[in-house]
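Data first, discussion second: the structure below is written as structure tokens.
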Amino acid sequence: VNENQYYDDPNRRYLTYQNEVYTEASAQIEEQNLALKSAIFVAMLLNRTLILPDFRCCYCTMQKCDHPRHRCSLLSVLRLKTFDKQLHNEYREHSFLRNPQVPSVIIESVSPYINSTATQLTVAEVQAHFLPYKDYAVINSSAISVSVDKNDQQWQKIENAFECSDYEQWDPKLNAQL
């Protein structure tokens with residue numbers, strides 16, 4: 001369903017990023033949630049819609065969960081009702097760019113990969129960092145670390161959207177076989 005030009009709005013601009021891989025499962029979940037919060041904040045700052053990456057499942061502690069084939073959607077990480085209540089229309093699913101309804105003008109306008117992990121950026125530095133890529137429909141970045149005033153209204157909206165999900169994407173019997 002393509003309500004309100006969800007897939008084919010030629011004027012909408014996007015930001016996508018990749019989650020880093022960490023050696024410790026608990027650190028990865030914490031870091032990916034912080035990276036998601038930062039990416040949402042940066043997307044709002046740049047007036048872009050975030051295309052979600054895939055995630056390590058919240059309660060998956062097996063090493064197999066690190067393999068891209070065994071990653072999870074947002075549903076396995078956060079409660080979607082809570083997330084959507086705060087951030088409806090601020091994001092798209094991780095498979096968004098593979099949907100045939102997305103016009104080629106968007107798919108063919110993806111920036112080169114931008115390594116943004118070097119340091120924590122201020123709001124002004126974030127805007128300057130991505131300015132050279134403003135004409136791309138999709139900015140393709142690494143995870144972004146941004147220094148935010150935790151009392152900022154946008155940041156509070158993002159914080160309020162996060163509630164860990166207890167949805168288990170993988171059947172435990174299946175996990176034992178992988």
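The values are calculated or read from the model by the stated rules, or taken from the named source; none is laboratory data. Keep in mind the model is a prediction, meaning the values are calculated, not measured. Note that each Cβ is placed from the backbone with ideal geometry, even for glycine, and that neighbours are counted across all protein chains shown. Heavy atoms of the whole protein, side chains included, go into the accessibility calculation; ligands, DNA and RNA do not. Shrake-Rupley method; radii C 1.70, N 1.55, O 1.52, S 1.80 Å.
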Next item on the list: Tell me which residues, restricted to region 117-133, are without any contact (Cβ under 8 Å) to a residue 40 or more places away in the chain and either assigned to a loop (DSSP other than H, G, I, E, B) or over 17 Å from ILE51 (Cα atoms) (or both).
Entry: ALA118, THR119, GLN120, LEU121, THR122, ALA124, GLU125, ALA128, HIS129, LEU131, PRO132
Note to self: Take the residues in region 7-18 that are touching a Phe, Trp or Tyr at 6+ places or on another chain (Cβ under 9 Å) and open to solvent by 60 Å² or more (accessible area, probe 1.4 Å); name whichever of them is modelled with the highest pLDDT.
What the structure shows: ARG13
Notebook entry, point to check: If you take the residues in region 157-178 that are part of a loop (DSSP other than H, G, I, E, B) and modelled with pLDDT under 65, which one is farthest from HIS88 (Cα to Cα)?
Noted result: LEU178
Check: For LEU121, which of the numbered conditions (1) open to solvent by 50 Å² or more (accessible area, probe 1.4 Å); (2) closer than 17 Å to SER38 by Cβ; (3) more than 14 Å from the chain's Cα centre (by Cα) fails to hold?
Finding: (1)
Next item on the list: Select from region 89-98 the residues that are within 14 Å of GLN5 (Cα to Cα) and part of a loop (DSSP other than H, G, I, E, B) and list them in ascending order.
Entry: ASN89, GLU90
Next item on the list: Go through GLN101, GLN154 for me and flag whichever is open to solvent by 70 Å² or more (accessible area, probe 1.4 Å), closer than 16 Å to ASN47 by Cα, touching a residue at least 40 places away in the same chain (Cβ under 8 Å) and not in a strand (DSSP E or B).
Entry: GLN154
Notebook entry, point to check: If you go through region 126-152, how many residues are among the β-branched types (Val, Ile, Thr) and either at positive phi or modelled with pLDDT of 95 or more (or both)?
Noted result: 2
